[in-house]
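Here's the structure, in C-alpha cells; my notes come after.
The values are calculated or read from the model by the stated rules, or taken from the named source; none is laboratory data. Just so we're clear, the structure is a prediction, and the values are computed from it rather than from any experiment. Virtual Cβ from ideal backbone geometry, glycine too; neighbours counted across all protein chains shown. What goes into the accessible areas is simple: the full protein's heavy atoms, side chains included, and nothing from ligands, DNA or RNA. Shrake-Rupley method; radii C 1.70, N 1.55, O 1.52, S 1.80 Å.
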Amino acid sequence: MKEKIRTLLEDALPLVDFDSQFLFSELDSLGVTTILMMLSDEFGIKLESRDATPKNLKTLDSIVALVERKLAEKPKALATPHSHCNATLSRRERENS
C-alpha cells in the first residue's frame, strides 16, 4: 500500500519530498487538499479537513497509517464507488481500461 500511495502522490505533487521526516512542513494548503482528495477518491474513504493534522501528514508512513485507519473504520455494508464493476481494479486502472 505504501508504494501505491507514494506513486499516486508523487505523480500529483512532484516537487514534494515524500521521504522527508517533516512532510507536513513542505505542504501548502493546496498540497494538503490534493492529498486528501486523491486518497479519498483512490481508496473510497472519507478524509476531511480535520484529518489534515501534522501528526497524520508528518511522513509517508503516517499518511499510510491514516489511510489504513480510515479503511478499517469504513462500514463493510457500504459499497465503494464503482464496486459493482471492476471491484479489483483501482480507480486509475479503471480509467485506463
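Compute the distance in nm between two label points, each set 7 Å from the Cα along the Cα-to-Cβ direction, one at residue 25 and one at residue 4.
Simple spin-label model gives 3.2 nm for this pair.
Could you compute the FRET efficiency for residue 17 and residue 62, with r as their C-beta to C-beta distance and R0 at 22 Å, rounded to 0.05?
0.90
On the protein heavy atoms, probe 1.4 angstrom, tell me the percent of accessible surface of the range 1-79 carried by carbon and sulfur.
Numbers: 2720 of 4740 Å².
Looking at the range 1-79 in its full context, I get 57 percent from C and S.
Step through the residues of the range 12-22 one at a time and calculate ³J(HN,Hα) from phi using the Karplus curve (6.51 cos²θ - 1.76 cosθ + 1.60, θ = phi - 60°), rounding each to whole Hz and writing x for Gly and Pro.
7, 10, x, 8, 8, 8, 7, 8, 5, 7, 10
What order do 70, 2, 58, 46 take when sorted by accessible area (1.4 Å probe), most exposed first?
Largest accessible area first, the list is 46, 58, 2, 70.
Give the aspartates and glutamates reachable from residue 55 as a straight Cα distance under 18 Å; neighbours fewer than 8 places away on the same chain don't count.
Hits, sequence-local ones excluded: 17, 19, 26, 28, 68.
Roughly what would the spin-label model give for residue 46 and residue 69, points 7 Å off Cα along C-beta, in nm?
1.7 nm
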